[in-house]
1. Residues being within 22 Å of residue 96 (Cβ to Cβ) and open to solvent by 30 Å² or more (accessible area, probe 1.4 Å): count how many of those fall in segment 55-84.
2. Please specify each residue of segment 18-36 satisfying the condition of being among the polar types (S, T, N, Q) and either surrounded by 12 or more Cβ atoms within 10 Å (Cβ to Cβ) or at pLDDT below 95 (or both).
3. Restricting attention to segment 76-111, which residues are farther than 14 Å from residue 10 by Cα and touching a Phe, Trp or Tyr at 6+ places or on another chain (Cβ under 8 Å)?
4. Please identify the pairs in which a residue from segment 37-62 that is assigned to a strand (DSSP E or B) has its Cβ atom under 6 Å from the Cβ atom of a residue that is open to solvent by less than 50 Å² (accessible area, probe 1.4 Å) and of a type in the set (Lys, Arg), counting only partners at least 6 apart or on another chain.
5. For segment 63-109, enumerate the residues that are in contact with a strand residue (DSSP E or B) (Cβ under 7 Å, 6 or more places away or on another chain), of a type in the set (D, E, K, R) and not in a loop (DSSP other than H, G, I, E, B).
6. All but one of (1) exposed (fewer than 13 other Cβ atoms within 10 Å of the Cβ); (2) closer than 27 Å to residue 64 by Cβ; (3) modelled with pLDDT of 80 or more hold for residue 99; state the number of the condition that does not hold.
7. Only one residue in 85, 6, 70, 61 is among the basic types (Lys, Arg) and touching a Lys or Arg at 6+ places or on another chain (Cβ under 6 Å), so which one is that?
8. Might you check whether a residue that is exposed (fewer than 13 other Cβ atoms within 10 Å of the Cβ) and within 18 Å of residue 82 (Cβ to Cβ) occurs anywhere in segment 37-54?
Amino acid sequence: MSVIVRDTGFAPEDFTGVAVEVPPTTAPEALAGLIAGAELVKVLFPSFSDGRGFTLGRLIRDAGYTGRLRASGPIIADQYGMARRSGFDEVEIPDDLAARQGEAQWRARADWQAHDYRARLFGAPARPVATA
């Protein structure tokens, strides 16, 4: 089983349409033919240290795909913002990972737009620094 993670926290699987799985070894030039007609594209991450899926997610969005895009695998909560900025709508993690990194850890990263370097450079208000 697995757990779906969205900006609102953990969610049950609710997809029942046509899905395509994209392994991390997929050549960029093969993406268009692979995802054509898919309602959900699931990019597979073999481990949290394998970032090829982030690149594939961005390439899929750059190719014009507007459907549901899911990162699937042992992605850690700290990578949630990167997944969202790469174009993913949601993340699917194994149950054992969800038990180790609970919903609160994932929800803490749900404000992913406020924590990227571009937001800090181009006008996001500076956060106050605590002093002792």
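The values are calculated or read from the model by the stated rules, or taken from the named source; none is laboratory data. In this text, all values refer to a predicted model and were calculated from it rather than measured experimentally. So basically every Cβ, Gly included, is an ideal-geometry build from the backbone, and we count neighbours across all protein chains shown. Heads up: the accessible areas ignore ligands, DNA and RNA and are worked out on the full protein's heavy atoms, side chains in. Shrake-Rupley method; radii C 1.70, N 1.55, O 1.52, S 1.80 Å.
1. The number of residues fulfilling the criteria is 5.
2. 26
3. Residues satisfying the conditions are 79, 81, 82, 83, 84, 85, 86.
4. Within 6 Å, the pairs are 42/70.
5. Matches in segment 63-109: 68, 70, 90, 92, 95, 103, 107.
6. With respect to (1) exposed (fewer than 13 other Cβ atoms within 10 Å of the Cβ); (2) closer than 27 Å to residue 64 by Cβ; (3) modelled with pLDDT of 80 or more, residue 99 is out only on (2).
7. None of the others qualify; the one that does is 70.
8. Checked against the condition, which is being exposed (fewer than 13 other Cβ atoms within 10 Å of the Cβ) and within 18 Å of residue 82 (Cβ to Cβ), segment 37-54 yields at least one hit.
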